[in-house]
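Visitor: Sending over a structure as C-alpha cells; questions will come in a sec.
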Amino acid sequence: MLRILSVSCMLFLVGTNAMAATAPDPANLPKPVADWLTQARDDCPAGFQVQDAIQTLSLTGDGRPGFIANPHRLSCAGEPHLYGGDGPASIELFVTLPSGEVVHTGGVLALGYQIQDAPGGGAPVIAFLTHNSDAATGSIDDYRWDGRNFALLNKQSMAEPPVGGPDSEYAR
C-alpha cells in the first residue's frame, strides 16, 4: 500500500510541476505586464520557467485589476538566480487607471511580499520583506495605494540577534 501511495504522490508532483512551470501567454496580459514577462523570457533563451510570477488583484481597492510581477517566481535553466540573485529583486507593481489604461507604478526591491486586507476596506496593504542597510535582518515595508501612487505606510525593523544573549557566553 505504501508503494502505491508513493507512486500516486510522484505522479501528482510531476503533474503539479508541469502545470506550475507553464508561463502565462503575454497575449492575455496588458501590454506593460506582458512586456515585463517578455523581457524576462528574452533574458533566458533556453529553459525559461514561470511559477505564478504574476498575481492579479485589485491593488487600488476599486475593483479594477492590478498586477504584481515577482521575479523570484522565475527561473532560467532551473536557476532562479538570473532574476533574483541571492537577495532582493525588484517586485513590480502595475495598476489599472479609471481610464482603463494599465500603468507600471514602479518596483520595490524585496525578497517577497504579502497582501493584507486594509482595516476599513479599500486598497489592500502590500507588506514587502526587504533588506535595509541599517538592519542586519532586513525590514518589512508596508505600502498602500493613496489614489495616485503607492505610499509608504511604515517601515519596521525586524528582530536582530540579541546582544547579551546566550551566545555572548561563548565569545569569552
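The values are calculated or read from the model by the stated rules, or taken from the named source; none is laboratory data. Model, not experiment: these values are computed from the prediction. When we count neighbours, we look across all protein chains shown, and the Cβ atoms used for this are built from the backbone with ideal geometry, even at glycine.
Visitor: Specify which of the listed residues (106, 100, 138, 61) is modelled with pLDDT of 85 or more, part of a strand (DSSP E or B) and over 10 Å from the mean Cα position of the chain (by Cα).
Guide: 106
Visitor: Moving on to the next point. Could you give every pair whose Cβ atoms fall below 6 Å, whose first residue belongs to segment 94-122 and is within 13 Å of residue 60 (Cα to Cα) and in contact (Cβ under 8 Å) with a residue 24 or more places away in the chain, and whose second residue is in a strand (DSSP E or B) and of a type in the set (Ser, Thr, Tyr), counting only separations of at least 6 or pairs across chains?
Guide: 95/105; 102/96
Visitor: Which of the numbered conditions does residue 143 fail, given that it passes all the others? Conditions: (1) modelled with pLDDT of 90 or more; (2) within 25 Å of residue 44 (Cα to Cα).
Guide: Among (1) modelled with pLDDT of 90 or more; (2) within 25 Å of residue 44 (Cα to Cα), the lone unmet condition for residue 143 is (2).
Visitor: Could you give me the residue pairs with C-beta distances under 6 Å whose first residue belongs to segment 36-47 and is modelled with pLDDT of 90 or more, whose second residue is in a helix (DSSP H, G or I) and surrounded by 15 or more Cβ atoms within 10 Å (Cβ to Cβ) wherever it lies, and which are 6+ apart or on separate chains?
Guide: That search, which allows pairs on different chains as well, returns 37/26; 38/26.
Visitor: Look at residue 75 and say whether it is in contact with a strand residue (DSSP E or B) (Cβ under 7 Å, 6 or more places away or on another chain), assigned to a strand (DSSP E or B) and farther than 23 Å from residue 143 by Cα.
Guide: Spelling it out, residue 75 is indeed in contact with a strand residue (DSSP E or B) (Cβ under 7 Å, 6 or more places away or on another chain), assigned to a strand (DSSP E or B) and farther than 23 Å from residue 143 by Cα.
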